[in-house]
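Below is one structure; the comments refer to it alone.
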Amino acid sequence: MLSESSFRRHRALYLGYRGGAYLGMGISVLALVGLVAYILFKGAPYLSFDLLFGDYSFRSVSLLPAFIGTGYLILISLGIAAPIGILAALFLSEYAIAGKRIVGVIRVGIETLSGIPSIVYGLFGYLLFVFYLGWGYSLLGGGMTLALMVLPTIIRGVEESLHSVPKSLREASFALGAGKAATTFKIVLPCAAPGILTSLILSIGRVLSESAVLLVTIGMVVNKNPPTPLSPGTSLALDIYYFSSYGYREEAAATAVVLLLLVLFLDGMALLVTKLLSKGKGYGK
């Protein structure tokens with residue numbers, strides 16, 4: 001047993017660690033609240049219907065082209081990255097043999113891709129899609145570059161969701177005579193759906209807030225509603241950069257409010273989806 005002095009020392013360390021954790025959490029929460037309050041205070045008074053959905057002209061700017069461009073980017077990037085990421089995570093979690101050299105190479109590749117700065121992805125997209133393939137500045141090239149950027153995040157998130165499914169469910173399925181594929185796609189994958197959807201929603205948030213990649217791939221054409229994904233365009237994050245660079249300070253602040261609210265909405269949706277889909281599952285409680 002611990003002596004009284006040792007007990008007091010351990011208790012003091014515990015209280016110190018706990019106090020430090022609460023202090024760090026409080027500072028983080030205050031920083032977040034302060035940032036959100038500042039952006040709302042600066043930009044909310046300038047929000048209007050004309051700014052959000054009006055016609056773009058030299059006298060009055062509009063976010064409508066950015067909404068259209070952002071929608072294209074989300075559809076293209078998630079349409080490519082989501083199926084590839086889910087299938088790759090299924091392979092690594094359910095089919096890959098631990099210790100195999102190829103599995104180690106794949107994991108190193110995923111970790112390396114997740115640590116590459118976004119501007120490097122942008123330069124790669126510029127060289128491949130804009131220059132080498134001859135697409136020029138286009139939403140398609142920007143969306144495919146974003147797909148490469150969010151792919152490691154999706155793989156890691158989906159793999160963690162698959163690992164959270166209890167092993168007993170797999171064993172029960174095998175005991176009832178189900179094969180590997182049936183167990184994976186009819187038991188494991190549906191049970192991991194909350195985490196998978198959360199990963200996809202958070203990836204959308206990253207696509208919304210990305211700007212460095214898009215600066216060199218989609219052209220930042222702010223006054224054009226892109227009729228096709230092969231046209232140049234803009235996004236909400238790029239509009240903030242454009243407006244602040246050319247003297248539209250109020251419009252830039254209002255755009256920041258819109259982008260912030262969208263990101264907060266997606267974060268809330270991720271929490272809500274996880275809670276609703278995990279309800280009734282013992283492992284998700």
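The values are calculated or read from the model by the stated rules, or taken from the named source; none is laboratory data. If you're wondering where the values come from, they're calculated on a predicted model, not measured in any experiment. Ideal geometry is used to build each Cβ from the backbone, glycine not excepted, and the neighbour counts take in all protein chains shown. These accessible areas exclude ligands, DNA and RNA; they are computed on the full protein's heavy atoms, side chains included. Shrake-Rupley method; radii C 1.70, N 1.55, O 1.52, S 1.80 Å.
List the residues of segment 81-98 whose backbone N lies under 19 Å from a point placed 7 Å from the Cα of GLU171 along the Cα-to-Cβ direction. The answer is 94-95.
Relative to the longest principal axis of the Cα atoms of the chain, helix 101-114 runs at roughly 40 degrees. Largest accessible area first, the residues ASP267, ASP55, ASP50 order themselves as ASP55, ASP50, ASP267 under a 1.4 Å probe with ligands, DNA and RNA left out.
Using a probe of 1.4 Å, the accessible surface attributed to ILE74 totals some 40 Å² when neighbouring protein chains are kept in position.
Please build a GNM for the chain, connecting alpha carbons under 10 Å apart, and tell me which residue among GLY69, GLY179, GLY233 fluctuates the most. Ranking GLY69, GLY179, GLY233 by mean-square fluctuation puts GLY179 first.
For segment 83-141, trypsin sites (Lys or Arg not before Pro) meeting the loop criterion (DSSP other than H, G, I, E, B) and having at most 11 other Cβ atoms within 10 Å: LYS100.
Close Lys pairs in the chain, defined as Cα atoms under 24 Å apart and 8 or more places apart or on different chains, number 14. Treating the angle as unsigned and between 0 and 90°, give the value, to the nearest 10°, between the Cα long axis of helix 4-43 and the longest Cα principal axis of the chain. Tilt of helix 4-43: around 20 degrees. Taking the protein heavy atoms of the chain in the context of the full set of protein chains, the accessible area attributed to carbon and sulfur is 69 percent at 1.4 Å. Shape analysis of segment 200-278 based on the Cα gyration tensor places the equivalent ellipsoid semi-axes at 27, 16, 10 Å, largest first. For segment 153-204, relative contact order (Cα pairs under 8 Å, six or more residues apart, normalised by length) works out to 57 percent. With the charge dipole of the chain set up from +1 on Lys and Arg Cβ and -1 on Asp and Glu Cβ about the Cα centre, the Cα lying farthest toward the positive end among the listed residues ILE102, SER168, LEU133 is that of SER168. Per-residue SASA remark: GLU171, around 100 Å² accessible (1.4 Å probe; ligands, DNA and RNA not included).
Selection among GLY43, LEU15, ALA66 by position relative to the dipole of the chain gives LEU15 as farthest towards the positive end (Cβ unit charges, Cα centre).
With no solvent and one point on each alpha carbon, what is the Debye value of log10 I(q)/I(0) for segment 123-261 at q = 0.17, 0.18, 0.22 Å⁻¹? The calculated log intensity ratios at q = 0.17, 0.18, 0.22 Å⁻¹ are -0.92, -0.98, -1.22.
Connecting C-alpha atoms closer than 10 Å in a GNM of the chain, tell me which of VAL150, VAL120, VAL61 has the biggest fluctuation. The residue with the greatest mean-square fluctuation here is VAL120.
Any idea what the relative contact order of the chain is, in percent, if you count C-alpha pairs under 8 Å spaced at least 6 apart?
Working: 354 pairs, mean separation 75.2, N = 285.
Reported relative contact order: 26 percent.
Dividing the alpha-carbon Rg of the chain by 2.2 N^0.38 Å yields what? Working shown, then result.
Working: Rg = 23.4 Å, N = 285, 2.2 N^0.38 = 18.8 Å.
Expressed relative to 2.2 N^0.38 Å, the Cα Rg reads 1.24.
Taking 0.36 nm per residue of separation and subtracting the Cα-Cα distance, full extension of the segment from LEU87 to LEU75 would add 2.5 nm. The C-alpha atoms of the chain define a longest principal axis, and helix 236-245 lies at about 50 degrees to it.
Which of the chymotrypsin sites (Phe, Trp or Tyr not before Pro) found in segment 1-92 are loop residues per DSSP with 12 or fewer other Cβ atoms within 10 Å of their Cβ? Present the calculation step by step, with values, prior to reporting the outcome.
Working: sites: PHE7, TYR14, TYR17, TYR22, TYR38, PHE41, TYR46, PHE49, PHE53, TYR56, PHE58, PHE67, TYR72, PHE91; in loops: TYR56, PHE58.
Passing both the DSSP loop test and the Cβ count: PHE58.
Our summary gives segment 84-162 a relative contact order of 50 percent, counting only alpha carbon pairs under 8 angstrom and 6 or more residues apart.
At a probe radius of 1.4 angstrom, the accessible area of the chain per residue rounds to 57 square angstrom. Largest GNM mean-square fluctuation across PRO152, PRO229, PRO166, computed for the chain with C-alpha springs under 10 Å, falls on PRO166.
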